Amino acid sequence: MIQLNDNLKLTPSTRKITDEGYLKATAALTKVGLQDYRLSDITGNANDTKIVKVFRSKNTVFADETIESAKLKPITMYHPATMVDSENHHNLSVGTIGENVHQLDQDRLGASVIITNKSIIDDIMGGKVSEVSMGYSANLKVESGIYNGDKYDYIFDG
């Protein structure tokens, strides 16, 4: 099992400031298809600087396990070096993924999110930031193949 980070794309048309000053929005969490990762993210070897393609199938992206695992998780900025847990949450989290994790369209998994950090909200609303981060654990399997004409090196394995 490895630790990976992905960017969440906040859908501009869904952004709303709550009475408390929080930012609510819909975000695309992940998608079917190919994603680029540094090989070092997979191997843990800092010298592995090659970019590799990792394939996520519809079965993986829209699996009940994937959906359940994303619910009510913290959101961070700038890919912290450590995973967020109960000991460091107060230093790293800028918001939370809601319980409404769902299929946005044929290729994307989305969720309602709430950003609670004022400076990050200002950066998002001011156009300086359009993405926040989600870190997670995943199993990858070395498997080559082709998706939509592009080669990949790994697949998400359950």
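The values are calculated or read from the model by the stated rules, or taken from the named source; none is laboratory data. Keep in mind the model is a prediction, meaning the values are calculated, not measured. Cβ coordinates were reconstructed from backbone atoms using ideal geometry, including for glycine residues, and neighbour counts include every protein chain displayed. Accessible surface areas use protein heavy atoms only, side chains included; no ligands, DNA or RNA. Shrake-Rupley method; radii C 1.70, N 1.55, O 1.52, S 1.80 Å.
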Task: Sequence ranges 141-153, 20-32, 95-107, ranked by mean other-Cβ count within 10 angstrom, highest first - done: 20-32, 95-107, 141-153
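When the Kirkwood radius is taken over all Cα pairs of segment 66-137, what Stokes-Einstein diffusion coefficient follows at 4 °C and 1.567 mPa s, in µm²/s?
Working: Rh = 13.0 Å.
Rounded to a whole number, D works out at 100 µm²/s.
With n ≥ 4 as the cut-off for DSSP H runs, can you work out [θ] at 222 nm for the chain, using -39500 (n - 2.57) per run divided by the number of residues, rounded to the nearest 500? Mind dumping the intermediate values first?
Details: 5 runs with 28 residues, N = 158.
Rounded to the nearest 500, it is -4000 deg cm²/dmol.
When N counts the residues of segment 1-143, how does its alpha-carbon radius of gyration compare numerically with 2.2 N^0.38 Å, as a ratio?
Ratio of Cα Rg to 2.2 N^0.38 Å: 1.06.
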Open item on the list: Can you give me the % of accessible surface on segment 1-150 that is carbon or sulfur? Probe 1.4 Å, all protein chains present, nothing else counted.
Closed with: 47 percent
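How fast does segment 102-158 diffuse by Stokes-Einstein, in µm²/s, taking the Kirkwood radius from C-alpha pairs at 4 °C and 1.567 mPa s?
Numbers: Rh = 14.9 Å.
The diffusion coefficient I find is 87 µm²/s.
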- [ ] Compute the Kirkwood hydrodynamic radius of segment 13-68, taking the inverse of the mean of 1/r over all pairs of distinct Cα atoms, and give it in Å to one decimal.
- [x] 14.3 Å
Task: For the chain, accessible area per residue (1.4 Å probe, heavy atoms of protein chains only), Å² - done: 58 Å²
Task: Dipole magnitude of the chain about its Cα centre (Cβ charges: Lys, Arg +1; Asp, Glu -1), debye to nearest 20 - done: 380 debye
TODO: Sequence neighbours fewer than 8 away in the same chain don't count; with that in mind, list the lysines whose C-alpha is under 23 Å from Lys53.
DONE: Lys9, Lys31, Lys141, Lys151
